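The values are calculated or read from the model by the stated rules, or taken from the named source; none is laboratory data. As the structure is a computational prediction, the values presented were derived from the model and not from experiment. FYI the Cβ positions are ideal-geometry reconstructions off the backbone, even for glycines, and counts take in every protein chain you see.
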Amino acid sequence: MMQSIVARLVGRSFTSAALAVLSLAPLTNASAQAAGSTYLLAQQSNYQRLDALTAGRTAAPTQLAMQVSLRRQHVPLQQALMEIASQAGMGLSYGEELAAARVSISIDVRNVSAATAFATAIRGTGWMLYVSPSGQAVVLRDAAGRSVVGTVSGSVVDAATGEGIAAVTVLVEGTGLGAATGSDGSFRIANVPEGVHTLAARRLGYAPFSTSVTVLANEEATVAIRLVRSAVQLDEVVVSVSASDTKRASIGTDIPRLDVEDKIAKAASSSSLSDVLHSSVPGVDVNLPSGQVGAASVIRIRGINSLTQGTTPLIYVDGVRVNNNTNAGPQSFDFGYNGSQSVSRFDDLNPSEIADIQVIKGPAATALYGSEAGVGVIAITTKRGANAGTQFTVQTEQSILQDVANYNDGYYPVPATTGVTDVNDPRIQPWRPVRNPVTGEIFARANPLMNEATRPFRIGWGQNYSVEGRGGGERTKFYFSTKYDDKEGTLPNNASRRLNLRANLDITPNEKLTISFSNGYVDSRILVPHNDHSALGMITNGSLSFPLYSYGVMPDGSRGDCLATVLFASSDSLCRVRQGNLSATFDKLATAHNEERLGRYIGSVTAKWQPIDWLSTRLAVGMDRVDTRTYQLVPLDPDRPFAQLSDGFITDGHATDRTYSIDYAASGTFALTEKLASVTTLGGQFFRKEYEEMGCTGSGFSSPTATACDASITFTGASGLAQSVERGGFLQQQFALNDAIFVTGALRVDDNSGFGEQVGSIWSPSANASVVLSRMSFWKFDRISNFRLRAGWGKAAQAPSPYAYARTYRPVRVESGGMQLSGFTMYAPGNPDLTAERKEEIEVGFDMGMFADRVTGTFTYFDQSTTGAIIYRRVAPSSGYEQTQAVNLGRLDNHGIEATISADVVATSNVLWNVTLSASTQHPIVASLGGQPPSNSIREGYAPGYLSSPVVASAERDADGKIVPGSVVMATPNIAGTDRVYIGTAHPTNEQSLASSATLFGRLRVSTTFSRAAGHYKSDGGIRYATPFSRSQHVSEMYALRQIMLSPEEQAALELGNAVNAFVFYDKGNFVRWRDLTVGYELPSAALAFVPGGISSAHLTVGGQNLHTWTAFRGLDPEIRDAGGSNSFGTSPYFTQPPARLFFVRLAFGI
Amino acid sequence: MRTAGLKYRSRAGRLIAPVSISMVPILALPLAMACGSLVDIAPEPHTIDASRRVFLEQAMIGATSDLYSAYDTFIVHAGVFTDEFFASSLDGAALREDLREVDENSSASFAEREKTIYSGWWLPQHKASVSARVIQENIEKGEYEGATRDSPEYARAAMYEGFAKTWIADAWCSAAFDGEGPEYTSEEVYSLAEQRFTRALDVAGIEADVRSAALVGRARVRLMMNDQAGALADAGLVDPDFELAATYSSSTIEQNNRVWWHNWGYGNISVDYRAYSGLTLDDTGIPDPRVELVLDPIPAYDKGQPLWAARKVASASSPLVLASGDEAQFIVAEIEGGAEAVSIINAARARHGITVTWSPAGGDPDEIRDKVIDERRRTLFLEGTRMGDLRRYADRYALDLFPATSPQGDATRGARCYPLPLVERANNPGLTLP
């Protein structure tokens, strides 16, 4: 074997001994090879092993006592040794073999002896330093010719509870070796080089841990790691545009991170990602518009920050942008109203395969994320493999869903002509009669939604099954999962089935390059019932009940006679048709079919390459393809209400939505001085979105079995294509002083195809600073273990919707001579000057930990302003254009705070009780409409979606319960130029959540969450039907009952009706909801010993969600609304189904 | 033994390769973006270059569609405002039109959702006017290859614009055009319409039906402008049998005849039975087939008033006569009066299959005028002339034939035209808010 040596002349001590090393002859005979170069060196040159020297067995050269300091990250071993040798005035030699081995280390020593520094640098590398008496050092393989590897194993537990912690990353520093703990917290790392190593453990929610471990050849070292909880994770790596790892401490904006795996383990059903995110991150509103299975949630970050362009944040999955539509799926057929529930692309994702979610909140932080990121970014990271033995988790969750809403009764005034004059008249007792104490009228009541004999609700059964596995080796790591989720809603035509598959792979060909593949596929089918503003809604028809045509409920619960038969001896034919509903029985409505079928693939490849020590690069390429079919069928059925719905109706649409992403960044890290470091990042992104659709709409079938557009009497087809492109680049510069003070500045340039022809690129500057005071030398406050101040400023953008700038025409047809001739007509005027909304924000805050992080807290204040807010300006109709014109005229301001405080109230060896309180406020206000006229939802000086109405200040009732003519006094309008009184904001201005989690004996965990929203008003479009608002049709029968349900002012406002256009049912929307209660139990190992199949852990969890709501709101529920997941400002429900109550049990096995 | 490593490469040299390679994506990104297939996007599917020659035919079809949409909408709303229709449901907008209390904020006058059931009608009239004007302008600029001021399309577009402006003059108290000022009085708008009809008639290549329609239109506006000689001259040139109709289709809702839709389909307007129900010929007891009504047994959808439907517009594809020799003849009758008018009345009856003839009881010109007015409303029932006629009768003959009450008994407000919509005034830079 040729042993070649390359020598470096370092300092002054290039001695003859070193020259002797240089002249080592090739070892050519077998004995010499067996002895190895170490032996030869020792024999010929009197070199001594470093560890022998430091142990005092041999006199050490004086240079080894020299004081040195060195701090380097991921540098070649030889470089670190050379720098130590240089500081100590020593010579150093090493062979080509060392360079070829590409050993990389990190070292951070200050004012230590050169011997210690050498030992630290070389520890665990498999190499050894030999030092001559004169101070010349040479690097050679350690103990060549014999086995030098051992194993490190052990367990990671919560320091407070002793509970094993899953998914902890355990690393042998400097070796690239590591493992992830299994569900019981155990780990095992093989092939660890002999020597003393630093073993590090990292887990979100816990303070970083490291300890020294001595590994002996062919032996197994056991380490017990106890992690201490900590909410202050300053060294945690957070998502950023940089190609190199970015620690939380270095960024001056708040980027909260949600550990999804932990959240599911503690408190959540694993079924919906919206559920998981709900009440989890302050400032992130996840509103649940409906209790329907599969219904979309509205997601907003820091409230409303756009008047027209939507407030749904961008969503990234494993570094690539994905579809973020929360208003997808079939919409209810609703007579032109906008109300109906929708489905969300956010909920296509399987929570179980997600590792964490990070939220980049405001423009101060999103300025570098492109021209569509102004409203915020949600970055989702899926689970990855680990260098450990293959671990499997098999899990099942079973749940039941129960409608627990209290729907309103319907009232029928029983005419005295029927002979019923006594409320106790036995004939009407099955209708729970009630007398109006004012007028004396007697009312019969019916409630098809609450009547056990007629109510349409069922117990919705939910089940999901999942298998996930992860593992890998030093070079390759993998993760896969599959999950089948099947849920029934409480209404018979509401269900969801979803199959999620994921396969992630990380390949590390060498220590400088990692290639990560992410592949996720979803196949789902969601049945969305017609509800809300739909004439086909069961809630609608049941709420607008018609007691005269209802069957009574006998004392034993059995069905009685028809009220019309009892009172008027009529046939019960209408009771058979309606059963108390407005127009038809529920089974007639259940045949209306509303479905979305979906196939979706999200894939990405991310390459991280560090070609040289100071340069890190990242290239991510990905796509999201969503194929959907939305199918809405209302079969021919003459018994169904409303003529056009009886005839039948169909829409059938197929759409493909593709999003392509290319994201590249290169970061250069330089140590400008010993204390000052610099990170420079240059990057660019490219996004392309394409949307294609084709569909048809038909009405009127000749057969009840007809199910296609071309089977309808009148049908039309349509197709559409929309594309958009966004591209941008940025430069970011960060300086770090003493790893405690960080200053970052950045500038981004973007172009977007949504900009008008006259608009060029836009620039987005940003800057932020972070000062970790607790790392400063002057910090003496022991009780405050961590304290960081941060501040950020940035200017982000939100591009207009595609083609909003374009002047467009609309196809029209004329029939002539039996021919259909096609032409076009003017449609939208367009705006060549249309550009992005600009969002500017200042954010300041702090993070702190007290009493060894037993109490932690964060606080953030933000103040943002959207200028150039896009408003749809009316154009003069005489121009001939039908549509409005998008113009950058508005301004929207918003400010608020976000705070979290978390405390381990009890932390003993057997009990850990943690309480976390989060709070946020938002105060969006329309500062300017640019001269455009206001509307009843957008007006200068008021919050978007504000509520106002003419208000009856006082009114009097006479003895008959009627409003005294002339007694009505209207409140003085306080909105200039209108007859309206300002009621309040429609959206909560402050929200809080309280989460409590107690772990007992390391095995039993009880968690619960409460959430609160307040500061707003809300109305319910459907409640009017419980207290009738006009004399027409179905509500007239209940008219006289107002006197016992309403104040005189409310009654007057209702009776004045359109005369004053006063709407009376505005209530404070405040509510407190008991979101969930979960109990989990980790089975002891002893119990598992009897279980075959190698099960290493088992966890049983039972829980409930939506357990109770406290509110003064008179509507069905204070959180729901009829506009689904759309970005409209409307918050009113309109026969919307309230959230159902969920109970689940989950069993998870680790194998 | 060799000396290995990076001995022969300087530090800078060692950096060049990896830095260069790592920068490739940054350099490649703009190149990739420059690649057309990546950054090019398809134009919005509904954007067109309306001036290209190949689009002239489609532009004409579009203008025709706009005119037909404007026309049926005009008949509906003008009908509710006059005595042809009334609001049969509790539809608020229709009720207000019925009571002639429509103000400048009325949603009925400018509803953006033109193609929905609640169609406004300020916008449709202007769409028809603008689309026809744009075609004329593009022809004048030579944008359409081969099309000139002598092309038949030029004449047809001018005729379209003339009718659109005529309806605007008939219905609105004042107007503005093309998203610009100034504000015109009805009289000025009639004058603009007359110019457009004249422009059409001056085209060498004008088609026969377009010529006749333009003559009828110009005669109508000249009658409104009290240019009796001009009106008489134009009307006299029109064949009494001439008829040009707007066509509709049941194929799509958008192409449905809105008169049918509102009257028969949706049921929110009813023919005013007080003016048209049970009309017989000269009180003979013989039903007048021109105004035959059907009492729909199904009341309006929200239990408003009884629904009387017009047999004349009995389907979604029923055509609506846009211009006719009948109207030309009645213009002559109104101006000439006397025996000529009697003759015209009886000839018109004959063309509609009516064998009953009429003769005046005496020689009172007012009797003949009143008969002309009555026969005109029957013959031109739901043909878009009643609004202008009632305004003319009131101004010229002091005959207020607008209903004084709604069928529900509420007094109407007495307006004789729609005010300029506030939405136009607020967004038209050539106008000022009151």
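Residues of segment B:197-215 being buried (at least 20 other Cβ atoms within 10 Å of the Cβ), under 13 Å from residue B:160 (Cβ atoms) and not aliphatic (A, V, I, L, M), which ones?
If the condition is that a residue be buried (at least 20 other Cβ atoms within 10 Å of the Cβ), under 13 Å from residue B:160 (Cβ atoms) and not aliphatic (A, V, I, L, M), then B:197 is the only one that fits.
When segment A:803-812 is examined, which residues are found to be at the interface with chain B (Cβ under 8 Å from one of its Cβ atoms) and either of a type in the set (Gly, Ala, Ser) or closer than 16 Å to residue A:688 by Cα (or both)?
Let us first name the residues in segment A:803-812 that are at the interface with chain B (Cβ under 8 Å from one of its Cβ atoms), namely A:803, A:806-812.
Result: A:803, A:806.
Name the residues in segment A:525-566 that are out of contact with any His (no Cβ under 9 Å at 6 or more places or on another chain) and part of a strand (DSSP E or B), would you?
A:525, A:526, A:551, A:552, A:553, A:559, A:560, A:561, A:562
Need pairs with beta-carbon distance below 8 Å; first residue away from chain B (no Cβ under 14 Å) and in contact (Cβ under 8 Å) with a residue 40 or more places away in the chain and within segment A:594-615, second assigned to a loop (DSSP other than H, G, I, E, B) and among the small types (Gly, Ala, Ser); sequence gap 6+ or separate chains.
A:594/A:332; A:596/A:329; A:604/A:319
For residue A:880, which of the numbered conditions (1) out of contact with any His (no Cβ under 6 Å at 6 or more places or on another chain); (2) surrounded by 20 or more Cβ atoms within 10 Å (Cβ to Cβ); (3) within 30 Å of residue B:70 (Cβ to Cβ); (4) not hydrophobic (A, V, I, L, M, F, W, C) fails to hold?
Unmet for residue A:880, out of (1) out of contact with any His (no Cβ under 6 Å at 6 or more places or on another chain); (2) surrounded by 20 or more Cβ atoms within 10 Å (Cβ to Cβ); (3) within 30 Å of residue B:70 (Cβ to Cβ); (4) not hydrophobic (A, V, I, L, M, F, W, C): (1).
Which of (1) part of a helix (DSSP H, G or I); (2) modelled with pLDDT of 75 or more; (3) away from chain A (no Cβ under 13 Å) is the odd one out, the single condition residue B:94 does not satisfy?
(2)
Filter segment A:247-291 for residues that are in contact with a Pro (Cβ under 7 Å, 6 or more places away or on another chain) and part of a helix (DSSP H, G or I) and give the result.
A:260, A:264, A:273, A:276
Every residue in segment A:446-500 that is of a type outside the set (Gly, Ala, Ser), surrounded by 22 or more Cβ atoms within 10 Å (Cβ to Cβ) and in a strand (DSSP E or B), please.
Listed by number, the residues that qualify are A:464, A:470, A:477, A:479, A:483, A:485, A:487, A:498, A:500.
Scan segment A:82-118 residue by residue and report those that are among the small types (Gly, Ala, Ser), surrounded by fewer than 20 Cβ atoms within 10 Å (Cβ to Cβ) and assigned to a helix (DSSP H, G or I). Even if it seems obvious, please write down each step before you answer.
Restricting attention to segment A:82-118, the residues satisfying the condition of being among the small types (Gly, Ala, Ser) are A:85-86, A:88-89, A:91, A:93, A:95, A:99-101, A:104, A:106, A:113-115, A:117.
Keeping just the survivors that are surrounded by fewer than 20 Cβ atoms within 10 Å (Cβ to Cβ) gives A:86, A:89, A:99-101, A:106, A:113.
If the condition is that a residue be among the small types (Gly, Ala, Ser), surrounded by fewer than 20 Cβ atoms within 10 Å (Cβ to Cβ) and assigned to a helix (DSSP H, G or I), then A:86, A:99, A:100, A:101 are the ones that fit.
If only one of A:918, A:909 is within 30 Å of residue A:1072 (Cα to Cα), more than 14 Å from chain B (Cβ to nearest Cβ) and among the polar types (S, T, N, Q), which one is it? Break it down into steps so the answer makes sense when it comes.
On the way: A:909 fails: within 30 Å of residue A:1072 (Cα to Cα).
Residue meeting the stated conditions: A:918.
Of all residues in segment A:807-829, how many are of a type in the set (A, V, I, L, M), surrounded by fewer than 21 Cβ atoms within 10 Å (Cβ to Cβ) and in contact (Cβ under 8 Å) with a residue 24 or more places away in the chain? Can you show your working first?
Just the residues of segment A:807-829 that are of a type in the set (A, V, I, L, M), to begin with: A:812, A:814, A:819, A:821, A:826, A:828.
So of that shortlist, the ones also surrounded by fewer than 21 Cβ atoms within 10 Å (Cβ to Cβ) come out as A:819, A:821.
From the residues that got through so far, the ones that are in contact (Cβ under 8 Å) with a residue 24 or more places away in the chain too are none.
Adding up the residues that qualify gives 0.
Looking at segment A:667-677, can you tell me whether even one residue there is surrounded by fewer than 18 Cβ atoms within 10 Å (Cβ to Cβ) and within 14 Å of chain B (Cβ to nearest Cβ)? Working first, answer last.
Pass one, segment A:667-677, residues surrounded by fewer than 18 Cβ atoms within 10 Å (Cβ to Cβ): A:670-676.
Subsequent filtering for residues that are within 14 Å of chain B (Cβ to nearest Cβ) retains A:670.
Yes: segment A:667-677 contains one or more residues that are surrounded by fewer than 18 Cβ atoms within 10 Å (Cβ to Cβ) and within 14 Å of chain B (Cβ to nearest Cβ).
Give all pairs with beta carbons closer than 6 Å in which a residue from segment B:176-205 that is without any contact (Cβ under 8 Å) to a residue 12 or more places away in the chain and within 14 Å of another protein chain (Cβ to nearest Cβ) meets a residue that is small (Gly, Ala, Ser) and crowded, with 20+ Cβ neighbours inside 10 Å; count only pairs at least 6 apart in sequence or on separate chains.
Taking only residues 6 or more apart or on different chains, the pairs are B:184/B:175.
Please find, within segment B:177-196, the residue that is farthest from residue B:210 (Cα to Cα) out of those that are among the small types (Gly, Ala, Ser) and surrounded by fewer than 24 Cβ atoms within 10 Å (Cβ to Cβ). It would help to see each step written out before you state the result.
Looking only at segment B:177-196, we keep the residues that are among the small types (Gly, Ala, Ser), and these are B:179, B:181, B:186, B:191, B:193.
Now restrict to residues that are surrounded by fewer than 24 Cβ atoms within 10 Å (Cβ to Cβ): B:179, B:181, B:186, B:191.
Numbers: B:179: 27, B:181: 29, B:186: 24, B:191: 19 Å.
Only one residue tops the list, namely B:181.
Identify, from the list A:945, A:941, A:966, the residue that is more than 14 Å from chain B (Cβ to nearest Cβ) and at pLDDT below 90. Don't jump to the end; show me each part of the working.
Values: A:945 fails: at pLDDT below 90; A:941 fails: at pLDDT below 90.
Answer to the selection: A:966.
Being out of contact with any strand residue (DSSP E or B) (no Cβ under 7 Å at 6 or more places or on another chain), in a loop (DSSP other than H, G, I, E, B) and either touching a residue at least 12 places away in the same chain (Cβ under 8 Å) or charged (D, E, K, R) (or both) is the filter here, so list the residues in segment A:416-435 that pass it. Please lay out each step first, then the result.
Here is the first cut: in segment A:416-435, the residues out of contact with any strand residue (DSSP E or B) (no Cβ under 7 Å at 6 or more places or on another chain) are A:416-419, A:421-422, A:424-427, A:429.
Within this subset, residues satisfying the condition of being in a loop (DSSP other than H, G, I, E, B) are A:419, A:421-422, A:424-425.
A:421, A:422, A:425, listed by residue number.
Would you mind finding the one in B:426, B:394, B:415 that is within 14 Å of chain A (Cβ to nearest Cβ) and under 30 Å from residue B:181 (Cβ atoms)?
Working: B:394 fails: within 14 Å of chain A (Cβ to nearest Cβ); B:415 fails: within 14 Å of chain A (Cβ to nearest Cβ).
Going through B:426, B:394, B:415 in turn, just one is within 14 Å of chain A (Cβ to nearest Cβ) and under 30 Å from residue B:181 (Cβ atoms): B:426.
Considering only segment B:379-426, how many residues are of a type outside the set (Asp, Glu), in contact (Cβ under 8 Å) with a residue 12 or more places away in the chain and in a helix (DSSP H, G or I)?
14
Taking residue B:78, is it at pLDDT 90 or above, within 9 Å of another protein chain (Cβ to nearest Cβ) and within 25 Å of residue B:319 (Cα to Cα)?
Spelling it out, it is not the case that residue B:78 is at pLDDT 90 or above, within 9 Å of another protein chain (Cβ to nearest Cβ) and within 25 Å of residue B:319 (Cα to Cα).
Answer yes or no: is there a residue in segment A:858-871 that is under 24 Å from the mean Cα position of the chain (by Cα), more than 16 Å from residue A:923 (Cβ to Cβ) and of a type in the set (S, T, N, Q).
yes
Looking only at segment B:202-236, count how many residues are in a loop (DSSP other than H, G, I, E, B), in contact with a Ser or Thr (Cβ under 8 Å, 6 or more places away or on another chain) and at pLDDT 95 or above.
Of the residues in segment B:202-236, the ones in a loop (DSSP other than H, G, I, E, B) are B:202-207, B:225-227.
Keeping just the survivors that are in contact with a Ser or Thr (Cβ under 8 Å, 6 or more places away or on another chain) gives B:203, B:205, B:225.
This time we only want the ones that are at pLDDT 95 or above, so: B:203, B:225.
Of the residues in that region, 2 qualify.
Quick check, is residue A:901 surrounded by fewer than 22 Cβ atoms within 10 Å (Cβ to Cβ), in contact with a helix residue (DSSP H, G or I) (Cβ under 8 Å, 6 or more places away or on another chain) and away from chain B (no Cβ under 14 Å)? Let's see the steps before the verdict.
Numbers: surrounded by fewer than 22 Cβ atoms within 10 Å (Cβ to Cβ): yes; in contact with a helix residue (DSSP H, G or I) (Cβ under 8 Å, 6 or more places away or on another chain): no; away from chain B (no Cβ under 14 Å): yes.
No: the conditions fail for residue A:901.
Would you mind telling me which numbered condition in (1) within 14 Å of another protein chain (Cβ to nearest Cβ); (2) assigned to a strand (DSSP E or B); (3) surrounded by fewer than 18 Cβ atoms within 10 Å (Cβ to Cβ) residue A:725 fails?
Of the numbered conditions (1) within 14 Å of another protein chain (Cβ to nearest Cβ); (2) assigned to a strand (DSSP E or B); (3) surrounded by fewer than 18 Cβ atoms within 10 Å (Cβ to Cβ), the odd one out for residue A:725 is (3).
Which ones in segment A:1127-1145 are more than 18 Å from residue A:542 (Cα to Cα) and buried (at least 22 other Cβ atoms within 10 Å of the Cβ)? Lay out the reasoning, then the answer.
The first filter runs over segment A:1127-1145 and keeps only residues more than 18 Å from residue A:542 (Cα to Cα), leaving A:1127-1132, A:1141-1145.
A:1131, A:1132, A:1142, A:1144, listed by residue number.
Of all the residues that make up segment A:385-415, how many are in a loop (DSSP other than H, G, I, E, B), in contact with a Gly (Cβ under 9 Å, 6 or more places away or on another chain) and over 23 Å from residue A:555 (Cα atoms)?
Residues in segment A:385-415 being in a loop (DSSP other than H, G, I, E, B), in contact with a Gly (Cβ under 9 Å, 6 or more places away or on another chain) and over 23 Å from residue A:555 (Cα atoms): 7 in total.
Take segment A:815-854 and flag every residue that is within 14 Å of chain B (Cβ to nearest Cβ) and either touching a Leu at 6+ places or on another chain (Cβ under 6 Å) or not in a loop (DSSP other than H, G, I, E, B) (or both). Give the derivation first.
Keep residues of segment A:815-854 that are within 14 Å of chain B (Cβ to nearest Cβ), which gives A:815-832, A:834.
A:815, A:816, A:819, A:820, A:821, A:822, A:823, A:824, A:825, A:826, A:827, A:828 - these are the residues of segment A:815-854 that are within 14 Å of chain B (Cβ to nearest Cβ) and either touching a Leu at 6+ places or on another chain (Cβ under 6 Å) or not in a loop (DSSP other than H, G, I, E, B) (or both).
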